[in-house]
Amino acid sequence: MIPRRITVPLLVALVLHAGCRKDEPLATADDDAFTLELPPGAPVPPVPEANRPTATRVALGKRLFFDERLSLGRGISCASCHHPVRAFSDTVALSVGVHGTTGFRNASSLANVAYHPALFRDGGVPTLEQQVLAPVHDEAEMDADINVVATQLAGEEPYRSWSRKAYGRDLDPYVITRAIACYERTLISGWSRFDRFRYRNDASALTAEELQGWTVFTSAETNCSGCHSGFDLSDHDYHNIGTSLDHSADPGRERITLRPEDRGKFKTPTLRNIALTAPYMHDGSMATLERVIGHFAGGGVADPNKSPLVHSFTLSDADRQALIAFLHTLTDERPLDRLP
Amino acid sequence: MNIRPFLLAGLAAVALLSACHKGSAVDPEGQGAVRLSVIPVWNGAPFDRMQVYLNAADQREQIQLVKFYLARMTLVAPDVEHELFDADLFNITNGPETRILPVPAGDYQQLRFGLGLPPDLNHTDIATVPVNDPLGNNSGMYWTWATMYRFLLFEGRFDNDPQATGLLPFQFSWHTGLDTLYRERDLPLALEVPAGDTVDLPLYVDLARFTTDGADTLSFADIAQFHGEVQSLPLGIRIADLEQGAFCTP
């Protein structure tokens, strides 16, 4: 006999009980709207319905992002590894956390992170809100407990009043994760000389050499724009580009999907502000753009998962220089963070 | 000013408040309860965390932490089934953990549950859950890198020399998690719950069977550390299978 559910009221009770688990805010306090200034050509970034930006949410997120007390006062804030002047990336291959130890990946730029369908180089985290917990709890980064952090900051101004104004509740893990995500979504890159050329019809924005570099970048020979495509110069997809045959230190996308065909695949990084974000690659193993281009020109190692778009090619010295010159045009001409 | 959000929020608040009056929707007539005890044993005998055991791989073993989620705990009768809870966290390191749970009176013949969290719960955004909820931040069960929960923490110390005495030199730590390692069990039961009465429902966890099911024996020398690494997933699958096999009803 097929078992049937006991009674409708019971089912309703269960559903309602499960509803108690969710701790979403019951009310949003009166707050000023936040208008994101989008550069020409920039798509409108997706925003979760439950965490629309307001002026106070964004300001609160910014304050938290730069607050070392997220590591319980041990000298590390989000900005310690995501430097604003480096397009919110780090200057070293592997960043150092509260215990002086390093993690196993290079700190990504946060420019245009609002457009990423999933976070981290393996895409293991679905939302910016959920991402916040990772560095706070990671032993190699802040090694804190977000609940302890929230308890320490909640009574203090302006956290107390801003939190209430922004989310209608006191500062807690919910508010911390939502507010930081709101701030990160404001870090839109799209104000470079390349953007003037591409999206604002300014033919004089690039030199002849840089234009030649753009031609090389989009050529069938190099295939760069096959993956570094669209407004963010990234398809935000995962590829194995043949940097190494040894995946024991980092299986890449396979870590999340558990599929062997994803071994050694990493999310295509944006090339925006690339001149500011050295060293490069998931492990920071390439120090310069020359080295990166040398890698692609060499076609990478013979990994079974390597993308067919990566294959060896020959560039003249002039074209190689032009490609590098082009990559330098991707640097924003104004700060990513436009908040007061 | 747009008042719709406030109206909606108000309605939501009322809905949530009434929802939190647990049990009010259930007719108290015909109600009984079970006293679910999750009981650690070692080869059938009461488990003692101070004791050094000899495991099936001939290693000395001392267990220091056994903590796990049980999900969708359901009593099944021929014509009806009743979910006792959707997810709860048990730490049986120091002995049995007990929950008293209301249940319609009936003659139950099966206990069905999951070890770990089913995907819909496993992907919960932890910051939206009250910190002291079994799925909340204070559970200490969250894997931030995977945005999912650990299912079972099994930790302690071991020694490869079965004859040795004294301190155990090595540490083991098996943490399962990830959707693929979620396991469901169906255990036979003979449980009559009369109306107005509370009856015992013991669920034994034989910790000796975390490393063997008689046929498959896993040694800490093969794998002392597992934290969901895809590189050791085949061993992780064996760990999850052994762990689910360790649960039994009387």
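Listing for the model above:
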| read-out | value |
| --- | --- |
| Residues of region A:142-153 that turn out to be part of a helix (DSSP H, G or I) and either free of Cβ contacts under 8 Å to residues at least 12 places away in the same chain or open to solvent by 20 Å² or more (accessible area, probe 1.4 Å) (or both), as a count | 4 |
| Only listed residue being more than 14 Å from every other protein chain (Cβ to nearest Cβ) and out of contact with any helix residue (DSSP H, G or I) (no Cβ under 9 Å at 6 or more places or on another chain), chosen from A:S244, A:S234 | A:S244 |
| Selection from region A:104-124 of residues that are surrounded by fewer than 21 Cβ atoms within 10 Å (Cβ to Cβ) and away from chain B (no Cβ under 14 Å) | A:Y115 |
| Number of positions in region A:159-183 that are among the charged types (D, E, K, R) and either outside the structural domain of A:A134 (by TED's automatic domain parsing) or farther than 19 Å from B:I126 by Cβ (or both) | 3 |
| Matching residues, region B:112-150, being small (G, A, S) and open to solvent by less than 20 Å² (accessible area, probe 1.4 Å) | B:G114, B:G116, B:A127, B:G136, B:S139, B:A146 |
| Wholly within region A:177-283, helices (runs of 4 or more DSSP H) carrying at least 1 residues that are charged (D, E, K, R) | A:193-199, A:208-218, A:254-257 |
| Qualifying residue in region A:236-246 (condition: touching a residue at least 60 places away in the same chain (Cβ under 8 Å), touching a strand residue (DSSP E or B) at 6+ places or on another chain (Cβ under 9 Å) and open to solvent by less than 20 Å² (accessible area, probe 1.4 Å)) | yes |
| Restricting region A:299-317 to residues that are touching a residue at least 12 places away in the same chain (Cβ under 8 Å) and more than 28 Å from the chain's Cα centre (by Cα), the residue that is most open to solvent (accessible area, probe 1.4 Å) | A:T314 |
| Test result for B:F210, open to solvent by less than 10 Å² (accessible area, probe 1.4 Å), within 30 Å of B:A77 (Cα to Cα) and more than 14 Å from chain A (Cβ to nearest Cβ) | yes |
| Subset of region A:326-339 that is surrounded by fewer than 20 Cβ atoms within 10 Å (Cβ to Cβ) and modelled with pLDDT of 95 or more - its residue that is nearest to the chain's Cα centre (by Cα) | A:D337 |
| Cross-chain or 6+ apart pairs with Cβ under 8 Å, region A:125-141 first and within 7 Å of chain B (Cβ to nearest Cβ) and of a type in the set (A, V, I, L, M, F, W, C), then open to solvent by 10 Å² or more (accessible area, probe 1.4 Å) and assigned to a loop (DSSP other than H, G, I, E, B) | A:V125/A:A118; A:V125/B:T144; A:V125/B:W145; A:L133/B:T144; A:A134/A:F120; A:A134/A:E141; A:A134/B:T144; A:A134/B:W145 |
| One residue from A:L60, A:L36, A:L94 being more than 14 Å from chain B (Cβ to nearest Cβ), open to solvent by 50 Å² or more (accessible area, probe 1.4 Å) and at pLDDT 95 or above | A:L94 |
| Filter result for A:R169 (surrounded by fewer than 24 Cβ atoms within 10 Å (Cβ to Cβ) and in a loop (DSSP other than H, G, I, E, B)) | yes |
| A:F296 being closer than 30 Å to A:E184 by Cα, of a type in the set (F, W, Y) and modelled with pLDDT of 95 or more | no |
| Residue within region A:159-172 that is modelled with pLDDT of 95 or more, under 25 Å from A:G294 (Cβ atoms) and touching a Phe, Trp or Tyr at 6+ places or on another chain (Cβ under 8 Å) present | no |
| Output for region A:259-288, where each listed residue is open to solvent by less than 40 Å² (accessible area, probe 1.4 Å) and closer than 16 Å to B:A146 by Cα | A:D262, A:F266, A:K267 |
| Among (1) crowded, with 17+ Cβ neighbours inside 10 Å; (2) free of Cβ contacts under 8 Å to residues at least 60 places away in the same chain; (3) among the acidic types (D, E), the one test that A:E184 misses | (2) |
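Conditions (1) within 22 Å of A:A114 (Cα to Cα); (2) free of Cβ contacts under 8 Å to residues at least 60 places away in the same chain; (3) under 17 Å from the mean Cα position of the chain (by Cα), marked per residue:
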{"residue": "A:T56", "(1), (2), (3)": "yes, no, no"}
{"residue": "A:G75", "(1), (2), (3)": "no, yes, no"}
{"residue": "A:H83", "(1), (2), (3)": "yes, yes, yes"}
{"residue": "A:R86", "(1), (2), (3)": "yes, no, yes"}
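The values are calculated or read from the model by the stated rules, or taken from the named source; none is laboratory data. The shown structure was predicted, so the numbers you read here are calculated from the model rather than taken from an experiment. Positions of Cβ are backbone-derived with ideal geometry, glycine not excepted, and every protein chain shown enters the neighbour counts. Keep in mind that these areas ignore ligands, DNA and RNA; they rest on the heavy atoms of the full protein, side chains included. Shrake-Rupley method; radii C 1.70, N 1.55, O 1.52, S 1.80 Å.
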